[in-house]
1. Can you name the condition, by its number, that B:THR60 falls short on among (1) within 8 Å of another protein chain (Cβ to nearest Cβ); (2) hydroxyl-bearing (Ser, Thr, Tyr); (3) in contact (Cβ under 8 Å) with a residue 40 or more places away in the chain?
2. Could you grab me the full set of residues in the stretch B:158-173 that are outside any loop (DSSP other than H, G, I, E, B) and either away from chain A (no Cβ under 11 Å) or on the phi > 0 side of the Ramachandran plot (or both)?
3. If you check B:ARG108, B:ARG142, which single one turns out to be of a type in the set (Lys, Arg) and modelled with pLDDT of 95 or more?
4. Restricting to the stretch B:191-240, what's the tally of residues that are out of contact with any strand residue (DSSP E or B) (no Cβ under 8 Å at 6 or more places or on another chain), in a loop (DSSP other than H, G, I, E, B) and open to solvent by less than 10 Å² (accessible area, probe 1.4 Å)?
5. Could we say that B:LYS59 is charged (D, E, K, R) and buried (at least 17 other Cβ atoms within 10 Å of the Cβ) here?
6. Residue check, B:ASN80 against (1) without any contact (Cβ under 8 Å) to a residue 60 or more places away in the chain; (2) open to solvent by 30 Å² or more (accessible area, probe 1.4 Å); (3) more than 30 Å from B:ARG152 (Cβ to Cβ), all met but one. Which one?
7. Given the criteria in contact (Cβ under 8 Å) with a residue 12 or more places away in the chain, under 28 Å from A:THR156 (Cα atoms) and among the aromatic types (Phe, Trp, Tyr), does A:PHE69 qualify?
8. Return the total of residues in the stretch A:115-173 being aliphatic (A, V, I, L, M) and either closer than 30 Å to A:SER93 by Cα or under 20 Å from the mean Cα position of the chain (by Cα) (or both).
Amino acid sequence: MSLLHTFTGFLQVPWSDYASNIGWGLLRTLAYTIASFVGAAALGLVLALMRLNRLRLVRLPAALYTEIFKNVPLLAIIFVTYFGLPSVGVKLSVFVAGVLSLIFFYAAYLSEIFRAAIGGIHSGQNEAAQALGLGRGTTFGHVVLPQALRLALPGTNTMFVDLLKSTSLLVTISAAELMTQAQLIASETFRALEVYLVIAAIYFAVCYPVSQCLLWLERTIHAGVPLSIGRRRRLKLAKTLLAGGA
Amino acid sequence: MTQHIGNVARETSAIVAKPAVTIHGLKKSFDGRQVLGGIDLDVPAARIVSIIGQSGGGKTTLMRCVNLLEQPDDGVIEVNGETICARGAVTCKDLAKLRQRVGMVFQRFNLFPHLTAVENVVLAQMHAAGIGEREAVERAVRLLQRVGLGHRATAYPERMSGGEQQRVAIARALALGPTVLLFDEPTSALDPESTGEVLRVMRELARDGMTMILVTHELPFAREVSDWVVFIDGGKIIEQGAATDVLDRPREARTRAYVAKYAASG
């Protein structure tokens, strides 16, 4: 009975009127996700490198940052950034405040993942690179980082999907992303159950394929398939030489 | 087929009388504990010198000073006539250049696991020696064929046996055209068959005039491969001489004890 009621309820929401709302909301959700993830990954890497530094003076601020932002709710960070900062003269747009909050929060988690990954590279790797005359920058870029990225991939992928879902918290500052649109539609149609079920399904429809793609990427890299064009070119050249010369 | 590896090395073998590596008064301490207490050693060009001795006796540290992976506290080291460090200061202006001339092979191979064999050999050529991609790949393929691994060029290290990995590591070190090769216990992680493979490669290198310094515990291997054996204990050279002399007829009591112990186990 109530199931039937729900089904007829779906039909009573004029979905076609709201298609563009949902579409724009979805686009904004993706924009928040990508901008925040790029920023959080960059800041996370810097924090991870700081925490692996020899100098305590460099390690300490990064450790402090990570501990603070890991132990404060994301919603509190969003409120402080958007509602709090204007009282000290920092007035941010909704988009900037939203992206910054997500960056602050997720950089802390990503830095932990990156730190473990970089720290997990055997010291013999650095030593071999040094013995081959590779400089510090080259060693990091060509020896440590590619291996660390492989180690960090599973955790980073989880964080990416988590971040995408967390953009829904930006409904609290009316960020015009998917959840904000859902709230708008629900308040206009008084069909909260139907609307939020559909919106939840949309989040699922985006997150599930994304996480599957990232799993595929993990498996591909793990199987040793070279992703960079340079590596493919060198391997092809080597194969050609071996086929012709040997 | 064998001409390309030893090009540089053969030039130096023409001046056999001149030592490739000269070490004088070398001292090194870690946290106040003296590991090397004044080492004097000449390594003639185109020779294989084995350093043997107890673990913690300073033999690995001594070798790591030759390419400045460790910086000595005191003493002078010359490589091909150039003073690379003197009295605790590094005088070598270009560390990257030094490490192209002095290659190193590790106990645990330390190959780059995210790269295939050929890419392992290419990396430092392109990014340390500034060799162009095509030439680097060509040279890498030639070197892998030279160590008998042409067919494994596009395999990843984790898919290779220990002996294959160590031969890739040798090719990787050779790619930069060194005149001296350092081997840090190159066979202690290998089974006897793999040890044989590595031994064969080292013999060929020796024939081409490569100078090699080898740290090892495996006395049969040291006897097989080296011209000269140096026994180190407590950070000092106790005894040195032709391989057969030191290993078969040691003069010093400490050498005798060591040789007896390791001849039994190895």
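The values are calculated or read from the model by the stated rules, or taken from the named source; none is laboratory data. Keep in mind the model is a prediction, meaning the values are calculated, not measured. In this analysis, Cβ positions are derived from the backbone assuming ideal geometry, glycine residues included, and neighbour counts consider all displayed protein chains. Surface areas here come from the heavy atoms of the whole protein model, side chains and all, with no ligands, DNA or RNA. Shrake-Rupley method; radii C 1.70, N 1.55, O 1.52, S 1.80 Å.
1. (1)
2. Listed by number, the residues that qualify are B:GLY162, B:GLY163, B:GLU164, B:GLN165, B:GLN166, B:ARG167, B:VAL168, B:ILE170, B:ALA171.
3. From the options B:ARG108, B:ARG142, the qualifying one is B:ARG142.
4. Total meeting the criteria: 1.
5. yes
6. Unmet condition: (1).
7. yes
8. Of the residues in that region, 17 qualify.
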